[in-house]
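The values are calculated or read from the model by the stated rules, or taken from the named source; none is laboratory data. Note that the coordinates shown come from a computational prediction; the quantities given were computed from them, not determined experimentally. Cβ: placed from backbone, ideal geometry, glycine included. Neighbour counts: every protein chain shown.
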Amino acid sequence: MSLQIRKAQRKQAKLRVGVSGPSGSGKTYSALLLGRGLASSWEKVLLIDTENGSGDLYSDLGEYNTLPLEAPYTPERYIEAIKAGEDAGMEVIIIDSISHEWDGKGGCLELNEILAASKYKGNTWSAWSETTPRHQRFIEAITTSKCHILTTVRNKIDTVMGDDKKVKKVGTKEITREGFEYELTVNFNVDRETHRAMASKDRTNLFENRDPFVISTETGSELARWNAGGAVDTDSQKREVMAEFKRLKIELPPERHEVKPYVEHIIPKLTGLDWSDENVGDVLAKLKELSPEVVNASLAPEPEPPAPEDLATQI
């Protein structure tokens, strides 16, 4: 295939937003507000909770979903939780927090020590040849997800003397593998004392030079509006439609050449819309509102008309 040069064009994409800060800074609360600003409703927000049930503390905000995740915090268990959210038709998945995948019980650091001791004669450097690919698959589950992904990260806490001569706890290094911030669209650092955020990375340019602020649902809405300003990625939307078919338990024909005619046939039945590039976004939105039960009823074969002799008995 020959290489092609084209004009640069920003396209709509699923956002990857990070919220980091020390314990008590309000990461979970901030992430939930961001998530609601990005989603169409609270019901489309899932919080993967590794913080011993802390995700339920804010249930007064709205009817969001939680998925408790307990040790061992292996990369594979995180990937399974992300997939569960995708299969459930979520629009936003909050992973609270990813620090356990790196430095928790069963996380990468512990896994690497176990591998080094059992397979590499104590050589931790050699053990990373197995641990790193497992961690990378976790990162890829985040970067390739069909949902907006929000991650919270714990910061190591240090104490400093402020100008007012008072001792203050501050977050320093994020507890995850170095370089994770490169994968994010925006990364917010939240202060423990004021709960105000600043963007340490911002590909949107929405928060550049902005004074420290308290994250709200409007912050998420700003990101949603920015994302909507990009060109529609129809190919990506079509892949999402196919993923919705899987969630709705719609079986596609086995032969590749039969798939398109089948899709063109059932889409109007399910959504009232024709299957065309112009309608892909609207079709996707309508499919996300459906359940497998509704689809099964819609696609059920119509009953056979009664035979002529039976009609006589019904008069």
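A few remarks follow.
- Only strands (runs of 3 or more DSSP E) whose full extent lies in the stretch 41-143 are considered here, and the ones with at least 3 residues that are hydrophobic (A, V, I, L, M, F, W, C) are 45-49, 92-96.
- Cross-chain or 6+ apart pairs with Cβ under 6 Å, the stretch 284-300 first and at positive phi, then of a type in the set (A, V, I, L, M): none
- The stretch 130-146 residues that are over 20 Å from Leu47 (Cβ atoms), paired with ones that are among the β-branched types (Val, Ile, Thr) and at pLDDT 95 or above (beta carbon under 8 Å, 6 or more apart): Arg134/Thr74; Arg137/Ile79
- Residue match in the stretch 206-223 (condition: farther than 26 Å from Leu61 by Cα and either within 22 Å of the chain's Cα centre (by Cα) or in contact (Cβ under 8 Å) with a residue 40 or more places away in the chain (or both)): no
- Residue tally, condition part of a loop (DSSP other than H, G, I, E, B), out of contact with any Ser or Thr (no Cβ under 6 Å at 6 or more places or on another chain) and either basic (Lys, Arg) or surrounded by 13 or more Cβ atoms within 10 Å (Cβ to Cβ) (or both), over the stretch 213-247: 4
- Identity of the residue in the stretch 248-271, in a helix (DSSP H, G or I) and touching a residue at least 24 places away in the same chain (Cβ under 8 Å), that ends up surrounded by the fewest Cβ atoms within 10 Å (Cβ to Cβ): Lys269
- So Ala84, is it modelled with pLDDT of 95 or more, more than 19 Å from Arg154 (Cα to Cα) and surrounded by 13 or more Cβ atoms within 10 Å (Cβ to Cβ): yes
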